[in-house]
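The values are calculated or read from the model by the stated rules, or taken from the named source; none is laboratory data. The shown structure was predicted, so the numbers you read here are calculated from the model rather than taken from an experiment. Cβ placement follows ideal geometry from the backbone for every residue including glycine, while neighbour counts extend to all protein chains displayed. These area figures cover heavy atoms from the full protein model, side chains too; ligands, DNA and RNA do not enter into them. Shrake-Rupley method; radii C 1.70, N 1.55, O 1.52, S 1.80 Å.
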Amino acid sequence: MRHFKYILPSMLMACGATAFVSCDDMLDLGNENILYTSDHTLQSANDTVNTFVGILAQLQKVGVRTNLFGELRGDLVAVTSTANSNLKAIADFEVTDDNPYNNPRDYYAVINNCNYFLAKANTDLSEKRYQNGTAQAYFVLRAEALAVRSIRAWLYLQLGQIYGTNIPVVKDPILSMEDADEQLTNAKKMDLRQICDEFIADLEPYIDWAREYLYPYHGNPGREGYNGTMPSRMSVIPIQLVLGDLYLWKASLEQNPDMAFQAAKYYYDYLIWTPNAQGNTIVNSGYKRVNMTAPYRDRWEFTGGNFNTDSWYSQGSIWYQTGANSFGGAGDEVISAIAMDSVVNEGHYNELLQLYCVNEETQEPASFVPSQPCINYSKSQVYGDIYRPAGTNEPQFIRLAPEAISETLRQRYFEGDMRLGCSYSSITAEGTEYKGITKFANIYREDGRMRISSTTRDIIVYRTGDIYLRMAEALNYAGMNHPGYQKMAYYILALGLDEYVMEDLVKPNCSKADSTAISYFRFPRGIFTTQLSSLTTENHPNIDYYSDQRTFYNSVNQIGIHQRGSGFPFSNPDYYPTDADPDTSVDSYPEQPAKYVTCSGTGTTLLNNLKKNNPTLVDSLETREGIPAPETAGLAPAVIIELVNTYNALMMEYSDKYQRNWKAREKGWYQNQTVQLKERQYEVVDSLLDIESALETCFEGFRFGYLMRAAYRHNDPTYLANRVGERNPALVGKLTNKDNWFIRWKGLIGK
């Protein structure tokens with residue numbers, strides 16, 4: 001694919017303006033670009049196609065560095081000795097003004113285009129469109145306007161994460177040198193917290209538009225100006241997800257757990273489209289579809305009653321595909337991406353392909369490899385899954401002993417969680433070992449030589465697994481004020497969410513008010529299916545056994561995020577410590593009354609069976625209700641039948657009553673225990689989220705942002721400093737000062 005073309009009309013050529021040093025510096029546009037004109041308005045769909053594509057084209061400039069600043073400053077990547085000094089500087093927090101990756105001008109160039117669009121687009125322009133035979137007004141520019149507003153907010157949030165403070169926020173287009181002077185003088189300088197407030201207020205008035213105008217559509221993939229393999233809708237950064245991020249950052253910065261609950265709701269609003277009144281189907285709008293965690297996972301094969309460590313199922317690469325058939329379906333992973341060029345020397349090639357992988361043409365090794373902390377996170381997990389061992393009829397949870405894995409596979413990071421091993425390729429060709437990360441490219445051998453093919457040429461902004469993780473992060477923090485929410489966060493990791501999980505495992509831990517609030521999150525039966533059986537009993541879920549992977553795929557569409565690489569954590573006693581859950585063995589736990597057991601027979605035979613199979617219930621009826629078993633001696637058969645049938649009906653009635661009363665007492669007991677355990681549960685799930693952030697999202701550019709949010713929530717900069725220090729101990733002292741987390745640039749922060 002050739003690069004995005006700047007197909008704006010000549011009067012709307014992309015403005016590279018915005019470096020805040022001087023007017024001349026800021027408006028260093030180059031010979032090809034001119035400023036916008038002030039008298040042009042966007043009055044047609046053709047106008048919006050041109051301007052919107054121009055904005056997407058400029059996003060290509062910032063995609064690579066957004067990943068680098070988010071990943072190299074974290075703890076999961078080690079920069080190799082062959083990497084260039086500019087990359088090493090990012091990892092060492094020594095970025096200078098002349099570092100080519102330190103260029104906010106490119107972010108502001110896109111922002112200025114967004115400002116122009118939002119100032120000039122006539123969003124009241126409408127045309128008649130027929131839906132179900134009825135003519136309705138359709139506002140033709142609102143889909144693009146919504147997308148542009150969301151892109152602008154996302155860009156400012158990236159600037160906030162990179163530069164931290166003193167960031168000029170300009171929301172009006174710069175149309176001339178005179179405008180530049182005035183706006184630069186008057187621009188408000190904001191920090192990350194203020195940016196969150198500013199753009200929450202900017203986006204929320206438009207959230208209703210997303211239900212109808214979420215995705216602009218500009219023809220089929222491959223049209224001029226779009227990536228030939230990526231659908232145009234995938235270029236949209238959904239407003240719900242940006243709002244979720246803004247609220248999650250705001251909650252962390254202000255240490256406000258209630259704000260985190262609002263973040264979780266916005267994530268949910270995108271992931272699961274509003275169910276209809278019956279709750280059996282999902283109402284879709286345009287190209288919107290429900291987002292599931294899907295059953296794809298990296299797993300060991302189990303044959304002959306044993307793990308086969310010479311064979312595994314690896315599904316990881318499909319999670320990063322951005323092709324035309326990888327969007328809009330009920331299991332597709334990628335939500336939003338920046339489309340990049342496929343030709344190295346044209347436009348904006350995705351440099352990450354060569355930084356994270358060996359270069360096929362030059363044979364240069366990758367600049368980045370997994371750090372030791374990244375390897376340790378993976379290695380420390382305990383793999384185990386549900387299987388039916390040879391010669392048995394019952395499914396069992398079976399651990400994989402680390403020593404069962406060959407030394408060769410251990411060196412390839414297959415010990416513990418499988419995701420790192422499945423995503424970090426290593427082949428030997430012509431006597432040389434080549435390495436690369438399959439989140440970006442696959443390395444393979446052909447005719448004895450090394451070959452490489454990109455998993456995706458594009459840079460992923462949002463994908464489903466990442467968003468479920470952020471929703472879990474938000475819910476766990478919200479649980480500080482609302483005990484029970486932590487359990488929902490835990491099940492996102494360990495099992496996945498469906499109606500059974502919510503009703504039987506989450507809500508019993510919540511107070512009445514919180515149970516009502518958490519009912520906002522609906523995962524209707526018949527749409528969402530986890531590995532939790534439909535035969536779930538109160539408190540004791542039965543886990544379905546799936547004999548092979550095909551059956552698993554056909555039966556389950558929602559799994560826990562940790563399940564993607566560590567087997568089945570829900571049944572793994574090494575995953576979630578027992579002291580974080582209420583102890584049902586204590587005397588205070590309300591004992592469940594005996595359930596009624598259905599019996600056969602009539603008359604005296606039925607009575608004898610009832611006494612035999614329901615002795616506790618028979619005793620309870622007599623001692624608690626004063627209803628003894630009927631005496632039948634000397635009575636006519638018809639009378640006996642009537643008495644016994646009446647008694648049988650009473651047994652069923654009171655059994656139901658006792659069960660209901662017990663369930664209410666048990667729920668109250670659980671709620672009381674959950675309140676007492678809330679800090680422990682938060683601590684445990686917080687630790688699991690830290691691990692899962694490393695296992696699931698490594699190399700995607702999100703890790704440093706996660707560490708910052710966690711450190712702010714804990715009000716402890718050493719949280720971040722110590723983790724980054726695991727890969728470089730020399731950084732611990734520096735990073736205990738929050739000011740050193742951010743990059744300096746003379747145009748933003750004076751020196």
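Within segment 375-401, if we keep just the residues that are out of contact with any strand residue (DSSP E or B) (no Cβ under 7 Å at 6 or more places or on another chain) and open to solvent by less than 60 Å² (accessible area, probe 1.4 Å), the residue that is farthest from Tyr434 (Cα to Cα) turns out to be Thr392. Looking at Lys439, Lys435, just one residue is over 30 Å from Gln673 (Cα atoms), in a loop (DSSP other than H, G, I, E, B) and either in contact (Cβ under 8 Å) with a residue 40 or more places away in the chain or more than 19 Å from the chain's Cα centre (by Cα) (or both), and that residue is Lys439. Among the residues of segment 632-655, are any open to solvent by 60 Å² or more (accessible area, probe 1.4 Å) and within 30 Å of Thr309 (Cβ to Cβ)? Checked against the condition, which is being open to solvent by 60 Å² or more (accessible area, probe 1.4 Å) and within 30 Å of Thr309 (Cβ to Cβ), segment 632-655 yields no hits at all. Considering (1) over 22 Å from Gly416 (Cβ atoms); (2) at pLDDT 90 or above, the lone condition that Asn554 does not fulfil carries the number (2). Can you confirm whether Tyr434 is among the aromatic types (Phe, Trp, Tyr) and over 17 Å from Ser314 (Cβ atoms)? Judged against the criteria, Tyr434 is a match.
Take Cys422 and decide whether it is open to solvent by less than 10 Å² (accessible area, probe 1.4 Å) and assigned to a helix (DSSP H, G or I). No; evaluated as a whole, the condition is false for this residue.
Which members of segment 477-532 meet the condition of being outside any loop (DSSP other than H, G, I, E, B), in contact (Cβ under 8 Å) with a residue 60 or more places away in the chain, of a type outside the set (D, E, K, R) and within 30 Å of Ala711 (Cβ to Cβ)? Selection gives Tyr477, Ala478, Tyr485, Gln486, Ala489, Tyr490, Tyr491, Ile492, Leu493, Ala494, Asn509, Ala517. All of Asp208, Asp202, Asp197 fail the test of being modelled with pLDDT of 85 or more, within 27 Å of Phe327 (Cβ to Cβ), touching a Lys or Arg at 6+ places or on another chain (Cβ under 9 Å) and not basic (Lys, Arg), apart from Asp202. For Glu415, state whether it is open to solvent by 70 Å² or more (accessible area, probe 1.4 Å) and under 30 Å from Glu360 (Cβ atoms). No; evaluated as a whole, the condition is false for this residue. Taking the criterion of being more than 18 Å from Leu607 (Cα to Cα) and polar (S, T, N, Q), the residues of segment 624-679 that qualify are Gln659, Asn661, Gln671, Asn672, Gln673, Thr674, Gln676. Of the helices (runs of 4 or more DSSP H) contained entirely in segment 669-751, those carrying at least 2 residues that are open to solvent by 10 Å² or more (accessible area, probe 1.4 Å), out of contact with any strand residue (DSSP E or B) (no Cβ under 9 Å at 6 or more places or on another chain) and free of Cβ contacts under 8 Å to residues at least 40 places away in the same chain fall at 717-725, 732-735.
When Glu403, Glu415 are checked against the criterion of being over 30 Å from Ile459 (Cα atoms) and free of Cβ contacts under 8 Å to residues at least 40 places away in the same chain, a single residue qualifies: Glu403.
Selection of segment 556-577 for residues being in contact with a strand residue (DSSP E or B) (Cβ under 7 Å, 6 or more places away or on another chain) and of a type in the set (Phe, Trp, Tyr) yields only Phe568.
Scanning segment 318-331 for residues that are surrounded by 17 or more Cβ atoms within 10 Å (Cβ to Cβ) and either modelled with pLDDT of 80 or more or among the polar types (S, T, N, Q) (or both) yields Tyr320, Gln321, Thr322, Ser326. Out of Gly279, Gly286, one residue alone is open to solvent by less than 20 Å² (accessible area, probe 1.4 Å), outside any helix (DSSP H, G or I) and at pLDDT below 95. It is Gly279.
Annotation: Pro628 fulfils all but one of (1) in a helix (DSSP H, G or I); (2) open to solvent by 60 Å² or more (accessible area, probe 1.4 Å); (3) not hydroxyl-bearing (Ser, Thr, Tyr); the unmet one is (1). Which condition number in (1) in contact with a Ser or Thr (Cβ under 6 Å, 6 or more places away or on another chain); (2) surrounded by 24 or more Cβ atoms within 10 Å (Cβ to Cβ); (3) among the charged types (D, E, K, R) is the one that Arg142 fails? Only one criterion is unmet by Arg142, namely (2). Only a single item in (1) closer than 23 Å to Met234 by Cβ; (2) open to solvent by less than 10 Å² (accessible area, probe 1.4 Å) is not met by Ile174, and it is number (1).
The number of residues in segment 505-537 being touching a Leu at 6+ places or on another chain (Cβ under 8 Å) and over 30 Å from Gln255 (Cβ atoms) comes to 4. Scan segment 557-587 for residues that are in contact (Cβ under 8 Å) with a residue 12 or more places away in the chain, of a type outside the set (Phe, Trp, Tyr) and outside any loop (DSSP other than H, G, I, E, B) and report the count. The total comes to 9. Would it be correct to say that Pro483 is under 23 Å from the mean Cα position of the chain (by Cα) and either open to solvent by less than 10 Å² (accessible area, probe 1.4 Å) or closer than 30 Å to Lys667 by Cβ (or both)? Considered against the rule, which asks whether it is under 23 Å from the mean Cα position of the chain (by Cα) and either open to solvent by less than 10 Å² (accessible area, probe 1.4 Å) or closer than 30 Å to Lys667 by Cβ (or both), Pro483 comes out as yes. Look at segment 71-85: where a residue is of a type outside the set (D, E, K, R) and a partner is open to solvent by 30 Å² or more (accessible area, probe 1.4 Å), sitting 6+ places away or on another chain with Cβ atoms under 7 Å, you get Leu72/Val79; Ala78/Val369; Ala78/Arg727; Val79/Lys88; Thr80/Pro365; Thr80/Val369; Thr82/Glu364; Thr82/Pro365. Take the conditions (1) closer than 21 Å to Leu59 by Cα; (2) modelled with pLDDT of 85 or more; (3) surrounded by fewer than 19 Cβ atoms within 10 Å (Cβ to Cβ); Leu241 misses just one of them, which is (3).
Of the listed requirements (1) touching a residue at least 60 places away in the same chain (Cβ under 8 Å); (2) in contact with a strand residue (DSSP E or B) (Cβ under 6 Å, 6 or more places away or on another chain); (3) open to solvent by 10 Å² or more (accessible area, probe 1.4 Å); (4) farther than 30 Å from Ser371 by Cα, Ala137 misses just one: (1). When segment 444-463 is filtered for residues that are closer than 16 Å to Gln321 by Cα and crowded, with 19+ Cβ neighbours inside 10 Å, the ones remaining, listed by number, are Ile452, Thr455, Thr456, Arg457, Asp458, Ile459, Ile460, Val461, Tyr462, Arg463.
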